[in-house]
Amino acid sequence: MKKILTFALMAMIALSASAAKKKEAAKDANKPVFTTIKENPITSMKDQNRSGTCWDYSTLSYFEAEILKATGKTYDLCESFIANKTYMDRAIQVVRYHGDCQFAQGGSAEDVLATLKTWGICPENAMPFPGSLYGDSLNNFNEFFSVLEPYVGAVAKSNAKKLSGAWKNGLQGILDAYLGKCPEKFTYEGKEYTPKSFMASLGINLDDYVSITSYTHHPFYTTFAVEVQDNWRFPQSYNLPMDEMMQIIDNAVENGYTVAWGGDVSEPGFTRQGLAYAVDAKATQSLAGSDMARWLKLTAEKRRSLIDSLGCTVPEVVPTQEMRQERFDNWELTDDHGMHIYGIAKDQNGKEYYMVKNSWGETGDYKGTWYMTKAFIAANTMDFLINKNAIPAEIRKKLGI
């Protein structure tokens with residue numbers, strides 16, 4: 001009897017192992033195999049860690065690539081410098097509005113561009129390494145913002161009839177304590193610079209950069225400030241039809257330029273393994289052998305697991321202009337992440353993807369790069385920063401730039 005039970009148990013284990021292997025084999029069969037079509041040079045991967053500074057990391061990465069393209073030189077520019085200046089600027093605005101606007105960790109590509117224009121920049125090693133001032137190995141803004149947010153809120157909501165201005169000194173002390181003090185002068189490769197003179201030495205023209213978006217609640221070929229909270233500087237974006245917006249990205253990459261992208265990665269098709277698909281939920285639940293009611297009851301984790309198993313065979317929606325507008329207006333399309341588009345690849349089925357640098361270190365299956373389908377980018381782009389020289393001539397003519 002014991003032998004029978006033992007054999008039965010062994011058979012069950014074998015069947016279970018066999019089923020697991022078949023499931024894993026099916027998943028592997030659907031894993032995309034990429035062939036690079038065009039890859040433009042970028043700088044090394046960085047990790048924003050526990051900080052809401054993707055806007056900072058992605059846009060500085062973009063400008064490092066712009067400098068590399070223009071001069072052939074590789075720089076490591078300082079995110080802490082940008083954050084220090086930006087949070088002070090944002091706090092001043094919140095106080096001016098008496099707290100009737102948001103003070104938060106997030107931001108936009110415009111914050112980096114505005115800081116470079118107004119204050120300049122320094123190399124990474126001219127300020128303390130992220131996290132080092134409070135005993136961490138990377139950024140960790142949990143304590144930092146638990147101090148910073150109530151400080152700004154208290155000043156902004158003050159009952160005082162007149163502010164002294166001393167609050168700025170106190171705020172600067174907090175910024176310097178957690179991010180490091182921005183240097184007035186520093187030495188780089190044996191030469192002394194100020195942040196402004198260093199910026200001037202980098203070989204790019206900051207007036208060359210424009211923002212692009214695509215929505216129907218404003219006329220095409222005009223400009224407007226995209227209505228999201230982290231767009232607090234109200235920069236103007238050129239508004240184009242979706243197809244022309246996408247044409248700009250393709251033209252840029254094909255001609256050696258990269259793109260500072262801002263958009264929505266909260267969708268289930270954005271995986272932690274380094275892939276992003278504009279998943280067609282109806283078609284996907286049908287493939288899973290379940291009705292829509294069951295699909296809707298699945299947890300986010302289980303949906304992602306199913307999407308992961310389908311891999312490059314997952315059905316995708318065909319994005320439309322109307323879809324983009326509806327999702328923006330109903331809050332589905334958000335501005336929750338900034339990334340850096342630098343290449344184009346295709347999978348074994350011929351589907352094209354953008355190669356996108358993230359700021360989570362060398363994570364995922366592709367060591368920090370995400371392969372995001374063109375459908376995903378078309379559906380989930382909020383706006384992006386681009387060198388105007390990367391825009392096709394016929395579109396530049398329509399925009400008057």
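Determine whether the stretch 163-182 contains at least one residue that is closer than 20 Å to His98 by Cβ, of a type in the set (D, E, K, R) and free of Cβ contacts under 8 Å to residues at least 12 places away in the same chain. Show your work before the answer.
Going through the stretch 163-182, the residues closer than 20 Å to His98 by Cβ turn out to be 163-168, 170-171.
This time we only want the ones that are of a type in the set (D, E, K, R), so: 168.
Add one more test, that the residue is free of Cβ contacts under 8 Å to residues at least 12 places away in the same chain, and what stays is none.
Among the residues of the stretch 163-182, not one is closer than 20 Å to His98 by Cβ, of a type in the set (D, E, K, R) and free of Cβ contacts under 8 Å to residues at least 12 places away in the same chain, which makes the answer no.
Got at least one residue in the stretch 297-306 being of a type in the set (A, V, I, L, M, F, W, C), modelled with pLDDT of 90 or more and either under 22 Å from Phe220 (Cα atoms) or out of contact with any strand residue (DSSP E or B) (no Cβ under 9 Å at 6 or more places or on another chain) (or both)? Checked against the condition, which is being of a type in the set (A, V, I, L, M, F, W, C), modelled with pLDDT of 90 or more and either under 22 Å from Phe220 (Cα atoms) or out of contact with any strand residue (DSSP E or B) (no Cβ under 9 Å at 6 or more places or on another chain) (or both), the stretch 297-306 yields no hits at all. Taking the stretch 28-52 as the range and being at pLDDT below 95 and in contact with a Gly (Cβ under 7 Å, 6 or more places away or on another chain) as the test, the residues that pass are Asn30, Lys31.
Take the conditions modelled with pLDDT of 95 or more, among the hydroxyl-bearing types (Ser, Thr, Tyr) and surrounded by fewer than 22 Cβ atoms within 10 Å (Cβ to Cβ) and apply them to Thr258. Does it pass? Give the derivation first.
Values: modelled with pLDDT of 95 or more: yes; among the hydroxyl-bearing types (Ser, Thr, Tyr): yes; surrounded by fewer than 22 Cβ atoms within 10 Å (Cβ to Cβ): no.
The answer is no for Thr258.
Taken over the stretch 346-359, the criterion of being surrounded by fewer than 20 Cβ atoms within 10 Å (Cβ to Cβ) and not in a loop (DSSP other than H, G, I, E, B) is satisfied by Lys346, Glu352. Scanning the stretch 109-130 for residues that are among the β-branched types (Val, Ile, Thr), under 17 Å from Glu184 (Cβ atoms) and touching a Ser or Thr at 6+ places or on another chain (Cβ under 8 Å) yields Thr115, Ile121. Among the residues making up the stretch 36-63, a single one is surrounded by fewer than 23 Cβ atoms within 10 Å (Cβ to Cβ) and part of a helix (DSSP H, G or I): Cys54. Between Ala156, Ala126, the distinction of being within 28 Å of Met199 (Cβ to Cβ) and in contact (Cβ under 8 Å) with a residue 60 or more places away in the chain belongs to Ala126 only.
Residues Asp365, Asp335: which one is over 15 Å from Val259 (Cβ atoms), touching a Gly at 6+ places or on another chain (Cβ under 8 Å) and surrounded by fewer than 17 Cβ atoms within 10 Å (Cβ to Cβ)?
On the way: Asp335 fails: surrounded by fewer than 17 Cβ atoms within 10 Å (Cβ to Cβ).
Matching residue, one of Asp365, Asp335: Asp365.
State whether one or more residues within the stretch 89-109 are hydroxyl-bearing (Ser, Thr, Tyr), in contact with an Asp or Glu (Cβ under 8 Å, 6 or more places away or on another chain) and in a helix (DSSP H, G or I). No: zero hits. Scan the stretch 306-331 for residues that are surrounded by fewer than 18 Cβ atoms within 10 Å (Cβ to Cβ) and of a type in the set (Val, Ile, Thr) and the total you get is 3.
Among the residues of the stretch 375-384, the one identified as of a type outside the set (Gly, Ala, Ser) and open to solvent by 10 Å² or more (accessible area, probe 1.4 Å) is Asp383.
Does the stretch 81-93 contain any residue that is open to solvent by 10 Å² or more (accessible area, probe 1.4 Å) and either without any contact (Cβ under 8 Å) to a residue 12 or more places away in the chain or of a type in the set (Ser, Thr, Tyr) (or both)? Before you say what the answer is, go through the steps one by one.
Just the residues of the stretch 81-93 that are open to solvent by 10 Å² or more (accessible area, probe 1.4 Å), to begin with: 85, 88-89, 92-93.
Next, from what is left, pick out any that are either without any contact (Cβ under 8 Å) to a residue 12 or more places away in the chain or of a type in the set (Ser, Thr, Tyr) (or both): none.
Checking the stretch 81-93: not a single residue is open to solvent by 10 Å² or more (accessible area, probe 1.4 Å) and either without any contact (Cβ under 8 Å) to a residue 12 or more places away in the chain or of a type in the set (Ser, Thr, Tyr) (or both).
For the condition outside any helix (DSSP H, G or I) and open to solvent by 30 Å² or more (accessible area, probe 1.4 Å), Lys73 qualifies. Checked against the criteria, Asp243 does not count as of a type outside the set (Phe, Trp, Tyr) and not in a helix (DSSP H, G or I).
Taken over the stretch 239-252, the criterion of being within 17 Å of Gln325 (Cβ to Cβ), in contact with a helix residue (DSSP H, G or I) (Cβ under 8 Å, 6 or more places away or on another chain) and open to solvent by 10 Å² or more (accessible area, probe 1.4 Å) is satisfied by Pro241, Met242, Glu244, Met246.
Would you check if Leu163 is closer than 24 Å to Ser211 by Cα and among the hydrophobic types (A, V, I, L, M, F, W, C)? Taking the combined requirement at face value, the residue does not satisfy it.
The values are calculated or read from the model by the stated rules, or taken from the named source; none is laboratory data. Note that the structure is predicted; figures quoted are calculated from it, not measured. FYI the Cβ positions are ideal-geometry reconstructions off the backbone, even for glycines, and counts take in every protein chain you see. To get the accessible areas, we keep the full protein, side chains included, count just its heavy atoms, and leave off ligands, DNA and RNA. Shrake-Rupley method; radii C 1.70, N 1.55, O 1.52, S 1.80 Å.
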